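Asker: Here it is, the structure in full.
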Amino acid sequence: MAGQMVEIRWHARGGQGAKTAAMFVAQAVLVKGKYGQGFPEYGPERRGAPMRGFTRIADAPIRRHCGIENPGLVVVLDPTLLDSPAAGVTAGTDENTVFVINTSLSPADIKKKLGVAGAKVYTVDATQIALDSFGKPIPNMPMTGALLKAQPFMELSELTDAMKVKFSQKFSQAVVDGNLRAVEKAYNEVVSE
């Protein structure tokens, strides 16, 4: 990743934590001496509505402040968005784009569903991992673990250390511990073709 910018587009529904994940990943890379930028894009703010988030990671200051049209990585937190052309999951992608999808389906099944024959696809059941780890169907933090496996922009321990610092200020230790378990489990369970 030296000398280049990684652009990540997140697809989710309101309430699934894509905004939090996009911004968290951008903040977490700062400990590596990298530059990060994370922000959401959504229409009327309501739970369940499709939304997108964006993260940029770079070795140099980031001067671009717009949505990501041609992402290097696409992270999908809600698999129902794969069936919605309006969600634009594959918009602006090419054979070099990496997809990280929250689903119980295989990477081969997702490739067929999306029509992205040449792309690299990773899948993980992040919703089930979240339910098992902290009892809520919020897939955002497990998906950061899966994303890190697909694009190793830092060590897993660095990501979890950043999470401890960030979330300990806002959540109980039980919530923090559950999210840490979820990140590590998703990192270890994500599969690719």
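Read the figures in this text as sums done on the coordinates, not as results from a lab. Note that the coordinates shown come from a computational prediction; the quantities given were computed from them, not determined experimentally. Every residue, glycine among them, receives a Cβ derived from its backbone with ideal geometry; neighbour counts consider all protein chains shown.
Asker: Taking a quarter of the surface of the Cα convex hull of the range 117-157, what do you get in nm²?
Answerer: Working: hull surface 14.1 nm².
With every direction weighted equally, the projected area is 3.5 nm².
Asker: How much length is gained on full extension from Val175 to Glu95, taking 0.36 nm per residue of separation minus their Cα-Cα distance?
Answerer: Working: separation 80, 0.36 × 80 = 28.80 nm, distance 3.79 nm.
Taking Val175 through Glu95 to full extension adds about 25.0 nm, to one decimal.
Asker: To continue, here is another question. Please list the radius of gyration and Dmax for the range 73-143, considering alpha-carbon atoms only, with Å as the unit.
Answerer: When restricted to Cα atoms, the range 73-143 yields Rg and Dmax of 12.1, 36 Å.
Asker: Given an 8 Å cut-off on Cα distances and at least 6 residues of separation, report the relative contact order of the range 1-142 as a percent. Walk me through the numbers before you get to the answer.
Answerer: On the way: 299 pairs, mean separation 34.1, N = 142.
Relative contact order for the range 1-142 comes out at 24 percent.
Asker: Using the Kirkwood radius over C-alpha pairs as Rh, can you work out the diffusion coefficient of the chain via Stokes-Einstein at 10 °C, viscosity 1.306 mPa s, in µm² per second? Write out the running numbers ahead of the final one.
Answerer: Working: Rh = 16.4 Å.
Estimated via Stokes-Einstein, D reaches 97 µm²/s.
Asker: Starting from the Cα-Cα distance between Glu193 and Cys66, subtract it from 0.36 nm times their residue separation and give me the gain in nm to one decimal. Working shown, then result.
Answerer: Numbers: separation 127, 0.36 × 127 = 45.72 nm, distance 3.17 nm.
Residue separation times 0.36 nm, minus the Cα-Cα distance, leaves 42.5 nm.
Asker: Turning to a different aspect of this structure: Which of the lysines could a cross-linker bridge to Lys164, judged by Cα under 28 Å and excluding same-chain residues fewer than eight apart?
Answerer: Straight-distance partners of Lys164: Lys19, Lys32, Lys34, Lys136, Lys149, Lys185.
Asker: Nearest 500 deg cm²/dmol is fine: what mean residue ellipticity at 222 nm does the chain get from its DSSP H runs of n ≥ 4 alone, each adding -39,500 (n - 2.57), divided by its residue count? Let's see the in-between values first.
Answerer: Numbers: 6 runs with 69 residues, N = 193.
So the calculated ellipticity at 222 nm is -11000 deg cm²/dmol.
Asker: Please work out the Cα center distance from the range 158-176 to the range 24-81, rounded to the nearest Å.
Answerer: First find each Cα centre; the distance between them is then 20 Å.
Asker: For the range 1-92, what is Rg from Cα atoms divided by 2.2 N^0.38 Å, rounded to two decimals?
Answerer: Working: Rg = 13.1 Å, N = 92, 2.2 N^0.38 = 12.3 Å.
Ratio of Cα Rg to 2.2 N^0.38 Å: 1.07.
Asker: Label 7 Å along Cα→Cβ of Lys112; the range 77-96 residues with amide nitrogen under 16 Å?
Answerer: Flagged as within label range: 83.
Asker: Would you mind classifying the range 40-121 by shape? Square roots of the alpha carbon gyration tensor eigenvalues, ordered a ≥ b ≥ c; an a/c under 1.5 is rounded, otherwise it is prolate if a/b is larger than b/c and oblate if not. All intermediate terms of the calculation are to be shown ahead of the outcome.
Answerer: Details: a/c = 2.10, a/b = 1.19, b/c = 1.76.
Verdict is oblate for the range 40-121.
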